[in-house]
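*Asks:* Here you go, one structure.
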Amino acid sequence: MFMACVGAGPIYRLLGKNGLGTEAYPLLETPLISGDIAFRQHKKGHTPVPNWVTFIEFASAYLD
């Protein structure tokens, strides 16, 4: 998923948007949410629940 976000970065920039801002895999539980693509990997296994707080923070910029 991270590599897909990195790969989408050039297309986002072409469209005037911002990608992740890095091609280096971040430490676990480090949110990358300053661009128009977001990524965060938690360490709680196969569940999206630990990422909801980060997702709401990222999505709130688009929901205002």
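The values are calculated or read from the model by the stated rules, or taken from the named source; none is laboratory data. Predicted, not measured: the structure shown is a model, and the values here were computed from it. Note that we place each Cβ from the backbone using ideal geometry, even for glycine, and neighbour counts take in every protein chain shown.
*Asks:* Residue under question is LEU14, and the condition is that it be touching a strand residue (DSSP E or B) at 6+ places or on another chain (Cβ under 6 Å) and either at pLDDT below 95 or not hydroxyl-bearing (Ser, Thr, Tyr) (or both); does it hold?
*Replies:* no
*Asks:* In the range 13-20, is there at least one residue being crowded, with 16+ Cβ neighbours inside 10 Å, assigned to a loop (DSSP other than H, G, I, E, B) and touching a residue at least 12 places away in the same chain (Cβ under 8 Å)?
*Replies:* Among the residues of the range 13-20, at least one is crowded, with 16+ Cβ neighbours inside 10 Å, assigned to a loop (DSSP other than H, G, I, E, B) and touching a residue at least 12 places away in the same chain (Cβ under 8 Å), which makes the answer yes.
*Asks:* With PRO31, PRO26, PRO10, PRO50 as the choices, which residue is touching a His at 6+ places or on another chain (Cβ under 8 Å) and not β-branched (Val, Ile, Thr)?
*Replies:* PRO50
*Asks:* Taking into account only those residues within the range 32-64 that are aromatic (Phe, Trp, Tyr) and either surrounded by 14 or more Cβ atoms within 10 Å (Cβ to Cβ) or in contact with a strand residue (DSSP E or B) (Cβ under 6 Å, 6 or more places away or on another chain) (or both), which is nearest to ALA4 (Cα to Cα)?
*Replies:* Of everything passing the filter in the range 32-64, PHE39 is nearest to ALA4 (Cα to Cα).
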